[in-house]
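In what follows, a single structure is set out as structure tokens and then discussed.
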Amino acid sequence: MFSLIWLGTHKKKLALIGAVLLLLSGTAWALGTGLTTVEPKTVKVVKEAVGFSQGKIVYQLKAHVNDTESRDWIFGWPKVPGKEMGQTKEVITLDQLNFEKKTPLFWLDKETDNPKDKNTMVSIVVYGSLVVKDWGKFIESYDPTEFNAELYRENPSAPKFSTIDYWAESVLSDSVSMALDNEVIPLLQDGIARYKYLKSFIQEENLKSKEEVGNFLKTQKPWVWIYGVENYLFALEDPQSLLYYIYSAGDAIMLDLYSVVVYENFVEQLPELLSQIEDVKNNFYLTTRPELVSEAELLLENFVSYLESRGRNLAFHEQEASLTMDLDQFLKEEADYDHTEGGLVTFYNLVSMEWQKVLLLNEKKEIEKYLQEEVIPSFLNSPQDELNVYYWQLMIEKALDSPDEEPLVVWEQTMYSLLRFPPLLERVKENVEAYLDFLASWGVDEWQIDGLSLRVEDSHIFTGQPPVDKDFYRMYQYYFGEQEK
């Protein structure tokens with residue numbers, strides 16, 4: 001009875017005490033789970049609630065940066081069991097900002113033919129220092145969650161990429177791959193065609209040394225030297241498409257290539273054109289009375305003499321109108337001779353056929369002169385691409401030393417040498433820097449790279465933990481992923 005009386009008189013106090021205890025326990029929970037440490041020289045990435053949408057909590061990544069030498073304490077959203085709020089997503093050490101990213105090129109054993117090298121990858125290594133100027137924007141832009149989920153769906157044992165890993169994959173690997181696409185792929189696509197082309201004219205011209213082959217190609221076929229065999233053959237087959245490209249791209253030197261292929265097509269067709277004229281002439285003779293042919297041939301001989309006496313010939317007349325004027329004048333001087341109407345008609349036909357032949361042969365001479373005096377010097381004076389020159393040298397050596405080798409084998413062997421060519425590395429670096437400038441121009445300003453450098457390196461693909469180096473994982477899966485399933 002006493003206790004009931006006591007509870008009745010102290011009910012309000014007990015409710016107040018309960019509320020205080022609840023508040024204290026909630027505060028302790030919030031302090032205990034919301035208060036966290038950030039270790040020296042690290043960035044702790046935490047998920048924090050920023051609002052609600054359609055009855056769900058909306059989260060945002062927040063980076064807590066501690067660039068000091070001592071531990072730092074931060075107070076954020078408290079952790080809720082089973083919820084993402086307040087959970088640490090990732091801890092980035094500032095040492096990770098000194099990066100090395102490898103982009104695979106080829107398996108070393110393909111180059112050395114040594115089974116011991118089967119687990120070694122030749123790669124381009126990009127290294128330097130990443131400077132993050134806006135951590136909030138950076139971690140949102142390069143959040144690897146979806147990328148990791150995709151890798152996991154493909155293979156549950158896939159390595160997990162960090163924010164820095166994903167940035168390197170997205171920016172560095174992609175930029176190196178694009179650089180190789182720009183600088184190397186066009187050459188490699190032309191490789192087999194170059195080898196076959198070289199073998200054919202080396203045999204035809206009886207060339208013996210690398211110097212002879214190179215000089216012949218550069219002086220007699222400089223357009224092939226500069227643009228490669230595939231481009232030359234395509235232009236030869238379809239000059240109109242080349243002309244369309246020239247006008248759309250504004251590539252002046254390719255106008256010279258157009259002149260070359262038009263000329264070469266003309267030269268190839270010339271015997272057939274001349275033969276057609278001869279066929280017409282022969283058929284004309286068969287259907288014309290012999291006395292008229294004799295009369296016309298005598299007139300033609302006199303007309304040629306008439307032109308020569310005036311310092312001209314049939315080739316002098318580029319237009320039919322001027323030829324007609326000379327014909328009329330000649331026949332006026334022949335008026336005293338008794339020419340039959342049929343003989344004159346036959347004469348006009350013979351002149352027309354001879355004039356067409358002369359025009360074709362004269363056009364050939366004019367184009368040859370233009371090529372020798374203008375087009376070829378233009379090609380010879382154009383800038384030389386050192387990668388293209390080096391690749392030609394590799395192919396010339398193979399065509400001379402290994403003319404019976406399978407073209408695909410030659411292509412692979414020269415590819416390895418090209419990918420190890422030091423100037424290629426500098427060219428790739430220039431492409432990567434241009435890509436970084438492009439990103440900056442489009443507002444990607446939350447980070448920059450200091451001390452960007454590249455090197456070619458032979459790297460073992462297995463690291464132990466995880467088994468496959470992250471930089472080689474996608475290539476490894478491409479070759480061996482199906483075997484593991």
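Among the conditions (1) in contact with a Phe, Trp or Tyr (Cβ under 9 Å, 6 or more places away or on another chain); (2) farther than 22 Å from Gln393 by Cβ, Tyr232 misses just one, which is (2). Assess whether Val126 counts as being over 17 Å from Trp167 (Cα atoms) and modelled with pLDDT of 80 or more. Criteria not met by Val126. Please work out if Ile396 is in contact with a helix residue (DSSP H, G or I) (Cβ under 7 Å, 6 or more places away or on another chain), within 30 Å of Asp256 (Cβ to Cβ) and not acidic (Asp, Glu). In short, yes. Selection of the stretch 218-236 for residues being surrounded by fewer than 16 Cβ atoms within 10 Å (Cβ to Cβ) and of a type in the set (Phe, Trp, Tyr) yields only Phe234. At least 1 residues being surrounded by fewer than 17 Cβ atoms within 10 Å (Cβ to Cβ) and of a type in the set (A, V, I, L, M, F, W, C) is the threshold, and among the helices (runs of 4 or more DSSP H) wholly inside the stretch 95-159 those reaching it are 145-154.
Residue pairs whose Cβ atoms lie under 9 Å apart, separated by 6 or more positions or on different chains, with the first residue in the stretch 357-371 and in the same structural domain as Asn313 (by TED's automatic domain parsing) and the second in a helix (DSSP H, G or I) and β-branched (Val, Ile, Thr), are Lys357/Ile277; Leu360/Ile277; Lys364/Val267; Ile367/Val262; Ile367/Val267; Glu368/Val267; Leu371/Val260.
Tyr245 meets all of the listed conditions (1) touching a residue at least 40 places away in the same chain (Cβ under 8 Å); (2) more than 21 Å from Glu268 (Cα to Cα) but one, namely (1).
Is there a residue in the stretch 422-442 that is in the same structural domain as Pro156 (by TED's automatic domain parsing), among the basic types (Lys, Arg) and within 18 Å of the chain's Cα centre (by Cα)? Walk me through how you get there before you give the answer.
Within the stretch 422-442, the first condition is being in the same structural domain as Pro156 (by TED's automatic domain parsing), and the residues that meet it are 422-442.
From what is left, the residues that are among the basic types (Lys, Arg) are 427, 429.
Remaining after also requiring within 18 Å of the chain's Cα centre (by Cα): 427, 429.
Yes, the stretch 422-442 has at least one match.
So that you can scan it fast, the table gives a plain yes or no per residue for (1) over 30 Å from Ser200 (Cβ atoms); (2) part of a helix (DSSP H, G or I):
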residue: Thr414; (1), (2): no, yes
residue: Ser417; (1), (2): no, yes
residue: Leu424; (1), (2): no, yes
residue: Val428; (1), (2): yes, yes
residue: Tyr435; (1), (2): yes, yes
residue: Leu439; (1), (2): yes, yes
residue: Asp445; (1), (2): yes, no
residue: Gln448; (1), (2): yes, no
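When Glu374 is tested against (1) under 21 Å from the mean Cα position of the chain (by Cα); (2) closer than 21 Å to Ile226 by Cβ; (3) charged (D, E, K, R), only condition (1) is not met.
Look at Glu264 and say whether it is surrounded by fewer than 14 Cβ atoms within 10 Å (Cβ to Cβ) and either part of a helix (DSSP H, G or I) or under 52 Å from the mean Cα position of the chain (by Cα) (or both). It is false that Glu264 is surrounded by fewer than 14 Cβ atoms within 10 Å (Cβ to Cβ) and either part of a helix (DSSP H, G or I) or under 52 Å from the mean Cα position of the chain (by Cα) (or both).
For the stretch 225-236, check the following and say yes or no: at least one residue is at positive phi and either touching a residue at least 24 places away in the same chain (Cβ under 8 Å) or outside the structural domain of Lys365 (by TED's automatic domain parsing) (or both). Quick ask: steps written out before the conclusion?
Filtering the stretch 225-236 down to residues at positive phi leaves 228.
Now restrict to residues that are either touching a residue at least 24 places away in the same chain (Cβ under 8 Å) or outside the structural domain of Lys365 (by TED's automatic domain parsing) (or both): 228.
Taking every residue of the stretch 225-236 in turn, at least one turns out to be at positive phi and either touching a residue at least 24 places away in the same chain (Cβ under 8 Å) or outside the structural domain of Lys365 (by TED's automatic domain parsing) (or both).
The values are calculated or read from the model by the stated rules, or taken from the named source; none is laboratory data. Worth saying up front: this structure is predicted, and the values here are computed from it rather than measured. In this analysis, Cβ positions are derived from the backbone assuming ideal geometry, glycine residues included, and neighbour counts consider all displayed protein chains.
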